[in-house]
1. I'd like the GluC sites (Glu not before Pro) in the stretch 33-109 restricted to DSSP loop residues with at most 15 other Cβ atoms within 10 Å, sorted by number.
2. How do the peptides 57-68, 26-37, 11-22 rank, highest first, by the average count of neighbouring beta carbon atoms within 10 Å per residue?
3. Once each part is reduced to its C-alpha centroid, what is the distance from the stretch 93-109 to the stretch 24-55 in angstrom?
4. Once phi is turned into ³J(HN,Hα) by the Karplus curve 6.51 cos²θ - 1.76 cosθ + 1.60 with θ = phi - 60°, what whole-Hz value does each residue of the stretch 7-13 show in order, with x for glycine and proline?
5. Using only the Cα atoms, work out Rg/Rh for the chain, with Rh taken as the Kirkwood radius, to two decimals.
6. Roughly how big is the chain's charge dipole about its Cα centre, with Cβ charges of +1 (Lys, Arg) and -1 (Asp, Glu), in debye to the nearest 20?
7. Please list, in order along the stretch 41-48, the HN-Hα scalar couplings obtained from phi with the Karplus expression 6.51 cos²θ - 1.76 cosθ + 1.60 (θ = phi - 60°), rounded to whole Hz, x for Gly and Pro.
8. Tell me, what is the FRET efficiency for residue 107 and residue 31 to the nearest 0.05, using R0 = 25 angstrom and their Cβ-Cβ distance as r?
Amino acid sequence: MEKIGRDITEIYVTHGHGDHWLGVPFLLERFPDAVVRATAGTRAQMADLATLESRAAFWDALFPGQIPTTPVDVQVVGKEGLSLEGNALIPIEVGHSDGDDTTVLWSRA
């Protein structure tokens, strides 16, 4: 992103599957001021998966020694959503799709 003069300030997690957020510590190394956001349901799923027992049963078996164990501080996004270049991105709960408590971001623009 530095090559085009942009900076990542927010990281939005759509649902709690590990392939959607376990790499976030790598992004935060490069963009340490970025804020990780998710809905309350997604954050709860992430917390369940973040336990060492849960990770060992699946993700660490698939990717031994490759996934960071750094805790991820997730802020619950409010109904006002996020802003991207002046446009509101509103979280919409879509229920079960790829997993429980899945969300999408919707823009009025």
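No lab work stands behind these numbers, since they all come straight from the coordinates. All values derive from a computational prediction rather than experimental measurement. We place every Cβ from the backbone using ideal geometry, glycine too, and count neighbours over all the protein chains shown.
1. 80, 85
2. 11-22, 26-37, 57-68
3. Between the Cα centre of the stretch 93-109 and that of the stretch 24-55, the gap is 17 Å.
4. Karplus-based 3J(HN,Hα) across the stretch 7-13 equals 9, 7, 10, 9, 10, 10, 9 Hz.
5. Taking Rg over the Kirkwood Rh, I get 0.98.
6. 220
7. Karplus values, whole Hz, x for Gly and Pro: x, 5, 4, 5, 5, 4, 5, 4.
8. Rounded to the nearest 0.05, the efficiency is 0.70.
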